[in-house]
Amino acid sequence: MKNFYLLALFVILSSCNEKKLTDKVQQSSHQGTIYAIKNVNIIPMTKKNKVIKNATIVIENNKILSINNSIPNNSITIDGADKWLISGLIDMHVHNLSNGSFSKGYPTRGATLSFDTQNQMTPYIANGVTTVFELSGRIGHFKQRDEIGSGDAIGPRIAIAAVIDGKGNEIVATTPLEGRQSVRNAKGLGYRFIKVYTWLNQDTFKAIIDEAKKQDMKVVGHIPKAFEGEPSENFFIPHFGLIAHAEELSKQTNNFNYEKAKEFAQLAKENNTWLIPNLTNMVWIIKQAKSLESIKNLTTLKYVHPLMQNKWLTSNRYNKNATQELIDFFQKQANFHKMIVKAFKEAGVPMLVGTDAGISGIVRGFSIHDELKLLVEAGFTNEEALTSATRLGAEWLEINDKIGTVEAGKFADLILLDENPLEDISNTRKISGVFVNGKWIDKNKIDTMLSNVETWNDNNKKKFQWKNRNEL
Ligand SMILES: [Zn+2]
């Protein structure tokens with residue numbers, strides 16, 4: 001009997017070892033692997049962006065080694081005939097779930113609710129999103145990034161912003177002094193970006209942005225409510241680098257006309273403030289306000305964590321608070337957002353693709369293709385939409401020497417498409433495979449990864465009910 005236990009223990013131990021070993025083997029086999037995509041049409045996304053037809057691109061380890069140069073003998077060949085290669089997409093506005101607890105803990109208790117990193121990251125990868133900007137950064141997001149970095153999970157590169165708000169958030173600052181200290185604290189914790197939020201007072205907002213400049217941290221965010229009804233010059237202040245939604249501007253005015261949009265655009269241009277239009281967000285707010293059928297019929301809902309699926313369906317604030325009057329107002333806002341996009345484009349203000357992924361109705365990864373399409377409907381060319389989702393995002397994050405274009409020396413974050421996205425932006429959905437930091441994930445693997453997420457979510461629906469969250 002004792003031997004049986006020993007044997008069982010040994011089997012458990014050795015199977016653990018085996019798993020670790022295979023992970024290591026997979027990683028080491030990835031190291032040193034050379035891929036060559038032959039006869040592919042490359043859309044480089046550089047400033048000139050001249051398509052390189054029937055090209056050969058070689059990927060070694062995690063970098064692009066060469067374009068139209070010799071192919072090393074030991075490389076694995078991928079047939080790129082009639083296919084199109086673009087740079088991996090960047091979603092500049094996401095919210096990933098990180099470990100935590102709804103119930104109050106005790107000093108030595110860790111998170112009671114943990115989210116599998118791979119399950120969260122798979123939808124990004126399946127959609128060619130190879131970089132994301134986490135706009136409600138918490139310690140757990142650093143852990144996710146480390147897991148990806150060490151090869152324990154396959155996921156996008158993650159930039160992380162710390163939120164500073166005037167109330168109701170983890171970091172609260174109500175005076176300029178507190179604002180400045182909060183920036184320095186965030187830097188000490190390892191954040192590189194600050195997100196300013198809705199409830200900051202005017203002076204604290206200004207002090208945070210000024211301190212961030214001193215600390216060499218870029219600032220993204222909301223325009224605080226405290227500026228409503230004030231001249232727009234008051235919040236377009238130096239170093240406020242990026243507005244997180246067009247909605248931030250529509251909240252500042254009742255004049256939903258092109259003149260007002262042009263005024264915002266001019267000030268943004270002068271102040272070098274870029275914009276994430278985030279048109280998807282308002283489209284989804286309206287859909288949910290009208291009816292929850294929109295969520296029920298969402299074909300990608302199955303890739304959302306079951307706790308959030310349940311929340312979106314049973315505790316949906318957009319739906320709960322909806323009146324016809326409010327829906328009409330949202331529609332006016334949505335129309336104004338399109339004017340804002342047009343005016344910003346005319347003024348030459350760079351705009352970035354960001355989707356608010358993780359907010360109800362907005363499914364990680366999949367949402368980027370929706371946003372691209374909405375931007376084209378609002379007046380972007382297909383090429384401009386792609387640029388906003390690749391090179392420009394990399395420029396704002398100041399990693400454009402590493403990602404954002406298809407050029408030798410850059411990290412191999414690439415999407416192989418079956419059809420040309422310059423002809424029809426919807427072709428970004430026709431993914432034949434993705435290189436994530438040099439790791440090749442073909443369509444079959446993508447489908448397997450997605451079905452793993454779906455299966456896990458389905459199997460755990462009972463456990464994750466929103467109304468029972470305090471017991472989790
Ligand atoms: Zn957001």
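If you go through the range 252-303 one residue at a time, how many are within 16 Å of the ligand (Cβ to nearest atom) and within 30 Å of N119 (Cβ to Cβ)?
11
Being hydroxyl-bearing (S, T, Y) and within 16 Å of the ligand (Cβ to nearest atom) narrows it down to one of S136, S101, S114, S150, so name that one.
Among S136, S101, S114, S150, only S136 is hydroxyl-bearing (S, T, Y) and within 16 Å of the ligand (Cβ to nearest atom).
For the range 364-422, name all the residues that are of a type in the set (K, R) and surrounded by fewer than 17 Cβ atoms within 10 Å (Cβ to Cβ).
K402
Within the range 29-74, which strands (runs of 3 or more DSSP E) (wholly inside it) include 2 or more residues that are within 23 Å of D401 (Cα to Cα) and without any contact (Cβ under 8 Å) to a residue 40 or more places away in the chain?
Strands (runs of 3 or more DSSP E) meeting the threshold: 52-60.
Given the structure, is D152 surrounded by fewer than 21 Cβ atoms within 10 Å (Cβ to Cβ) and either closer than 23 Å to I399 by Cα or free of Cβ contacts under 8 Å to residues at least 40 places away in the same chain (or both)?
no
Return the pair list, or none, for Cβ contacts closer than 8 Å from residues in the range 271-283 that are in contact (Cβ under 8 Å) with a residue 40 or more places away in the chain to residues that are hydroxyl-bearing (S, T, Y), at least 6 apart or on different chains.
Filtered contacts from the range 271-283: N278/T355; T280/T355; T280/S367; N281/T355.
Within the range 81-119, restricting attention to residues that are under 20 Å from T130 (Cα atoms) and small (G, A, S), which residue is surrounded by the most Cβ atoms within 10 Å (Cβ to Cβ)?
So the residue we want is S87.
Confirm whether R109 is within 16 Å of the ligand (Cβ to nearest atom), assigned by TED's automatic domain parsing to the domain that holds K218 and more than 11 Å from the chain's Cα centre (by Cα).
Answer is no for this residue.
Which of the residues spanning the range 436-468 are of a type in the set (S, T, N, Q), without any contact (Cβ under 8 Å) to a residue 24 or more places away in the chain and either closer than 26 Å to T405 by Cα or in a loop (DSSP other than H, G, I, E, B) (or both)?
Residue satisfying the conditions is N444 alone.
The values are calculated or read from the model by the stated rules, or taken from the named source; none is laboratory data. As the structure is a computational prediction, the values presented were derived from the model and not from experiment. Every residue, glycine among them, receives a Cβ derived from its backbone with ideal geometry; neighbour counts consider all protein chains shown.
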